[in-house]
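J.: Please read through the structure below; I'll follow up with questions.
The values are calculated or read from the model by the stated rules, or taken from the named source; none is laboratory data. Since we're looking at a predicted model, the values are computed, not measured. We place every Cβ from the backbone using ideal geometry, glycine too, and count neighbours over all the protein chains shown. Heads up: the accessible areas ignore ligands, DNA and RNA and are worked out on the full protein's heavy atoms, side chains in. Shrake-Rupley method; radii C 1.70, N 1.55, O 1.52, S 1.80 Å.
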Amino acid sequence: MRSRHPDCYIFSTSNGAGKNFIGASPERLVSIQNQQLVTDALAGSAPRGQNTTEDVKLANLLLKSRKEKREHQAVSEFLLQRLQEMGLKPYQLPLQLLQFSNIQHLWTPIYAHLPADIHPLEIVAQLHPTPAVAGVPSAIACDKIRQYEQFDRSLYAAPLGWIDNRGNCEFIVGIRSALIEGNRARLYAGAGIVSGSNPDKEFVEIQLKLQSLLKALV
């Protein structure tokens, strides 16, 4: 996975009873170094092209897509609002692309100064789950997920990371992931559903995301 996805967060955690949760996540939930906070709005996806011309064409279509930009805006506005509710003054960089080996996303980095009296885990609790993995409004969306999803997400999309005694931390979103038990693996991936979403295209996107782990495991 490290060799296939050097630009992703490669992770593995175990419950000590034979189950391992692994993944290659592209998405940082929050990073704090010396009271400087960074979080990523990462939503809106397209495949990579087979050559430079096709790659540029797919990137331009992604940047111009109203549907993908609307999906991305829901995430960026949520992150900004949640940070502002904590009294922070976040600022964001212009919309850009974050490209990986098999997929590319709309990406907006968001920054803020974190006062010493706010614990990093308060930030994690405030930002999780983002609309990218749960929807908005959060409470209603989570109720619908519990109602309609006929499976346990396990640690899929959970915040995973580390924290030290000086308030530095880094947490990622546990997507593009798999639960390993013995010689069996259950792979997890998802897509953001908004007005204008096409079920067939969303299914293709999920299959593309599943390839991240499938090719590494099989």
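J.: Put +1 on the Cβ of every Lys and Arg and -1 on every Asp and Glu Cβ in the chain; which of 34, 141, 11 then has its Cα farthest towards the positive end of the dipole?
T.: Of 34, 141, 11, it is 11.
J.: Quantify how much of the Cα-Cα distance distribution of region 146-218 extends past 16 Å, in percent. Walk me through the intermediate numbers first.
T.: On the way: 1659 of 2628 pairs.
Tail fraction, whole percent: 63.
J.: A further question on this structure: Please identify the GluC sites (Glu not before Pro) of region 135-218 that satisfy two criteria: DSSP loop assignment and at most 13 other Cβ atoms within 10 Å. Which are they?
T.: Working: sites: 149, 170, 181, 202, 205; in loops: 149.
Answer by residue number: 149.
J.: If you don't mind, another one. If 119, 128, 105 are ordered by their accessible area, calculated over protein heavy atoms with a 1.4 Å probe, which sequence runs from highest to lowest? Please report the intermediate quantities before stating the final value.
T.: Numbers: 119 90, 128 65, 105 5 Å².
Ranked list, largest accessible area first: 119, 128, 105.
J.: Can you tell me how much longer the chain between residue 217 and residue 35 gets when fully stretched, taken as 0.36 nm per residue apart minus their C-alpha distance, in nm with one decimal?
T.: Working: separation 182, 0.36 × 182 = 65.52 nm, distance 3.80 nm.
So the extension gain works out to 61.7 nm.
J.: Moving on to the next point. P(r) for region 1-107, please, calculated from all Cα pair distances in 10 Å bins and given in %.
T.: 13, 35, 32, 18, 3
J.: Can I ask one more? Tell me, what are the semi-axes, in whole angstrom and largest first, of the equivalent ellipsoid of region 98-171 as set by the roots of 5 times the Cα gyration tensor eigenvalues? The partial results should precede the final answer.
T.: Details: eigenvalues 130, 69, 36 Å².
Ellipsoid half-lengths, sorted descending, are 25, 19, 13 Å.
J.: Right, another one. Report the one residue of 111, 126, 94 whose Cα lies farthest in the direction of the positive end of the charge dipole of the chain (charges on C-beta: Lys and Arg +1, Asp and Glu -1; origin at the Cα centre).
T.: 94
J.: Could you work out the equivalent-ellipsoid semi-axes for region 2-63, taking the square root of 5 times each eigenvalue of the Cα gyration tensor, largest first, in whole Å? Each step should come with its number before you reach the end.
T.: Working: eigenvalues 174, 77, 21 Å².
For region 2-63, the ellipsoid semi-axes come out as 29, 20, 10 Å.
J.: Now a separate question. Which three semi-axes in whole Å describe the equivalent ellipsoid of region 33-176, each the square root of 5 times a Cα gyration tensor eigenvalue, listed largest first?
T.: Values: eigenvalues 146, 81, 46 Å².
Those come to 27, 20, 15 Å.
J.: Mean residue ellipticity at 222 nm from the helices of the chain, using -39,500 (n - 2.57) per DSSP H segment of n ≥ 4 over the full residue count, to the nearest 500 deg cm²/dmol?
T.: Dividing the helical sum by the residues of the chain leaves -10500 deg cm²/dmol.
J.: Here's something else I'd like to know. Using the Cα centre of the chain as origin and beta-carbon charges of +1 (Lys, Arg) and -1 (Asp, Glu), tell me which of 214, 53, 74 is placed farthest towards the positive end of the dipole.
T.: 53
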